[in-house]
Each structure stands twice: as structure tokens, then as C-alpha cells.
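The values are calculated or read from the model by the stated rules, or taken from the named source; none is laboratory data. Being a predicted model, the structure only gives us computed values, none of them experimental. Reconstructed Cβ throughout: ideal geometry from the backbone, glycine too, with neighbour counts over all protein chains shown. Accessible surface areas use protein heavy atoms only, side chains included; no ligands, DNA or RNA. Shrake-Rupley method; radii C 1.70, N 1.55, O 1.52, S 1.80 Å.
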Amino acid sequence: VGLLRNIGKLATCRPEGGQGDIHLLRDAAVAWRDGTIAWVGAERDLPPEYRVEAPIDAGGALVVPGLVDCHTHLAFGGWRADEFEQRILGASYLEIATAGGGIASTVAKTRAATDGELLARCRMHLAGMRGLGVTTVECKSGYGLDIDTELRLLRLYRRLGEEGPTRVVATLLGAHVVPPEYRDRREEYVDLVIGEMIPRTAREALAAFCDVFVEESAFTLDEARRILRSGQAAGLGAKLHADQLSSGGGAELAAELGAASADHLERISDGGIAAMAGAGTVAVSLPLASLYLCQPPLPARRLIEAGVPVAVATDFNPGSAPSWHLPLALTLACTLQRMTPAEALKGATIIAARAIGLEREVGSVEPGKRADFAILDAPDPNQWLYHFRPNACRLTVLGGTPSRESADA
Ligand SMILES: [Zn+2]
């Protein structure tokens, strides 16, 4: 049995209500057994069986559920700092991609990297994220783009999840872009994704989701529909990178397929918003990508007003979002997307959990959920996201156990 007490404000982030309803409890305590939350309430009501000898003292601070980063491209070789400079000097993302840079250059470096190199980097990133309060991370493949490397990346994610303590959810993104060697025979690559990558991923139970990048420089709507339908038939939930650089009907396709989420959506159409609201698909906003690409962000207010839940994630990747700092993404969701701090927090907890199918296990502080928390050096969510600091997280708790990384934060 474990206990977290002396919580000034506890943002439980229970799912009911609107995007901004984070269901705050004052002077609260949380008790757990075997890593699973058993009791939540006002500390004065704590039942005697949870009065343990050495509880964790929150010091009157704000406590939130362990943060959920529901969109990252965690495993990749190399970086792309040279392109960062080229973009500053005026080259567009599309121009860089057309010239052989962009995703293709990361694919080459990822294929050349050893398992040990990739694992060491992923472990370092996950440890840094834990220090910020992030306890669950979705990780996409997509820098292999051949059978062996895509499966290799997914197996690395499985290993990271088994190692813990961060909860890892893997997504097959074999359809990230058409790899250079298939440039003139893209149908064959689509057939490879459908005929081999998806069946082998499903057979080894290596991923929970299948994702497709729908874009002029990547895959068409019809290709995405075929790939995602075959993924669903194999038991993989659907996700899309949609409407990022142009409005291409990706949000509508996500709704048609009953996808768990459609991500990016900077150029989502009115029809796309209505379709997603009807289907209950989560919109995943990626404000760091908007910041780095100097692009207008997705219309979060219109989505929320239409009843679409909006998650906030980092999109951590070496091109358009080379940072895994989820609290920074939350502050940007406030300033760029006009989400309130409470709305942003719910978007990185229970709504993010829903985007990766884990809403019954993580994302809120309720009995039955994993005992994942972040203790923040702030009195409330407004102060936390307004006064941006490198790290406002004092302690991260995963499955009832304090994280080692917190001490260094
Ligand atoms: Zn992405």
C-alpha cells in the first residue's frame, strides 16, 4: 500500500464533462495497492487502512495524473540540425523532402543504427520525459520503411515497454513516406505494407495501432483507406497524420474509419470537424510542430466547440518537432491554440489516453487506474503553464514508485 498526501490541489482529470473540466480536489490524498489506485479523496476522509508509515508528501503542491504523450516518433538515428538552418533560410519542408532530405535522410541513418544505439537514445529520451512528469508514451515506427527495420523498431519499443517504468504504446507507421527505392513503383510499397508489414506486426503483437501520413508528399486518401482497413482487419486501431500541410480530406477519412485519432489537422476543413465530432475521433494537436514550422496551428477552439476532444502531444521527431518537452507543448497549446491551461492539461492526460486506447488504465486519478502522478511546483494549472520553466516537476510517480529521474530535475 502506498499513499500520496498533503496535495494542495489534485487535478483528477476524470473523463466526464467538457474539455476544461479537470475535476479539482482540494487538500487531497491518493492511496494505491500494487501500483493501482485504490482510494482518492479529501485527506481528512482517508480510511485507516491507507494510513501508511512513510507516505509521499506533496508539500501542498499541485498534483496531476502522469502525463501522456500520445504522439511521438521516438526511435530514430541521427538528427537534422542542418535542415533546421535551411528552413530558417527559407527552404520549405516540402522542398527539403523533395531534395532527398527530410524523412528520407532520417530513414538512412535509422537503418544504419544498431539496436544498441537506438535503445540507448530511446532510454535517454524516456528518462528525460519522466523527469517532466510524462509516464505514458506512444511511439511510432516509420523511419525504417522496409520490413526488417520497421519490425526492428517495433521490437525495440516492446522491449522498452517491458523494461519500464514508462508505459509504451507502439504504432506501426510503415506508411510514413514512400521510401526512395520505391519512388517509381509506389503501388508495390503499399502492397508491401498491406501484404507483409501489417500481418507480421499483428502476428507478433508488436503494435496497437496502424498510422498513415496522408499528404501530397506521402500517401493518398485511397492508399490510406486501404492500408488502415487492412490494419483494422488485423486488429490494429487506426490513426492518421492528416491535413497538416494541405486540407486533403484526412479528417473525414479518420471519421469514416472510426479512427482512434486524427493528428496534426492544421488545415482541417469544416466538413472534417463535423465528421470527427460525429465519429468521436480525438483530434491530436501538435503545437511544437506548428512552432518549428511557423505554421498556423489547428483550430482548437472550433474543434472543442464542435464537441471534438483535443489532445496535446509533442510529435517528437528529428525534423518538425525535435523536442520531447510536453509541458512546453502545453504552454504553446495555450498561447497558439487558445486552449485554457485546464483544457491543455486534460488534453495531455485522459484525452491523450483515449487517443491511444488506454483511457481505462491511465490518464486520470481514479480508483482502478495506474498510480501515475506528477507533483508540480505550482499552486494550480494556470500558474504551472503560465510561468514556463525548464522543469516544474518535483517528483514523478509511476505505478506507485517514485522515479529516479525526478531527483535530477
Ligand atoms: Zn508525427
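Tally up the residues in region 132-157 that are more than 16 Å from the ligand (Cβ to nearest atom) and assigned to a loop (DSSP other than H, G, I, E, B), please.
So the answer is 3.
Consider region 216-237. How many of its residues are crowded, with 20+ Cβ neighbours inside 10 Å, over 21 Å from Ala355 (Cα atoms) and either acidic (Asp, Glu) or in contact (Cβ under 8 Å) with a residue 60 or more places away in the chain (or both)?
Residues in region 216-237 being crowded, with 20+ Cβ neighbours inside 10 Å, over 21 Å from Ala355 (Cα atoms) and either acidic (Asp, Glu) or in contact (Cβ under 8 Å) with a residue 60 or more places away in the chain (or both): 1 in total.
I'd like the residue in region 349-377 that is open to solvent by 10 Å² or more (accessible area, probe 1.4 Å) and small (Gly, Ala, Ser) and, out of all such residues, is nearest to Lys239 (Cα to Cα).
If we take residues in region 349-377 being open to solvent by 10 Å² or more (accessible area, probe 1.4 Å) and small (Gly, Ala, Ser), then Gly357 is nearest to Lys239 (Cα to Cα).
Check Lys346 against each of (1) free of Cβ contacts under 8 Å to residues at least 60 places away in the same chain; (2) closer than 21 Å to Met129 by Cα and name the one condition it does not meet.
All conditions are met except number (1).
Return the only residue of Glu85, Glu43, Glu95, Glu49 being modelled with pLDDT of 95 or more, over 23 Å from Leu395 (Cα atoms) and among the acidic types (Asp, Glu).
Glu49
Out of (1) of a type in the set (S, T, N, Q); (2) within 19 Å of Glu343 (Cβ to Cβ); (3) within 14 Å of the ligand (Cβ to nearest atom), the odd one out for Gln244 is which?
(2)
What number of residues within region 196-208 are within 12 Å of Ala233 (Cα to Cα) and buried (at least 24 other Cβ atoms within 10 Å of the Cβ)?
Residues in region 196-208 being within 12 Å of Ala233 (Cα to Cα) and buried (at least 24 other Cβ atoms within 10 Å of the Cβ): 1 in total.
Filter region 49-81 down to the residues that are within 23 Å of Ile350 (Cβ to Cβ) and among the hydrophobic types (A, V, I, L, M, F, W, C) and list them by number.
Those that are within 23 Å of Ile350 (Cβ to Cβ) and among the hydrophobic types (A, V, I, L, M, F, W, C): Ile56, Ala58, Ala61, Leu62, Val63, Val64, Leu67, Val68, Cys70, Leu74.
Please determine whether any residue of region 306-315 is within 16 Å of Thr166 (Cβ to Cβ) and at pLDDT 95 or above.
yes
Could you look through region 84-99, keep only residues that are within 30 Å of Leu385 (Cα to Cα) and not β-branched (Val, Ile, Thr), and pick out the one that is nearest to the ligand (Cβ to nearest atom)?
Step by step, filter region 84-99, then rank; the result is Tyr93.
Quick one: would you say Gly77 is under 24 Å from the mean Cα position of the chain (by Cα), away from the ligand (no atom under 16 Å from the Cβ), touching a residue at least 60 places away in the same chain (Cβ under 8 Å) and more than 24 Å from Arg167 (Cβ to Cβ)?
Here the answer is yes, as Gly77 does meet what is asked.
Filter region 304-328 down to residues that are of a type in the set (S, T, N, Q) and touching a helix residue (DSSP H, G or I) at 6+ places or on another chain (Cβ under 7 Å) and give me whichever is nearest to the ligand (Cβ to nearest atom).
Checking each candidate, the answer is Ser320.
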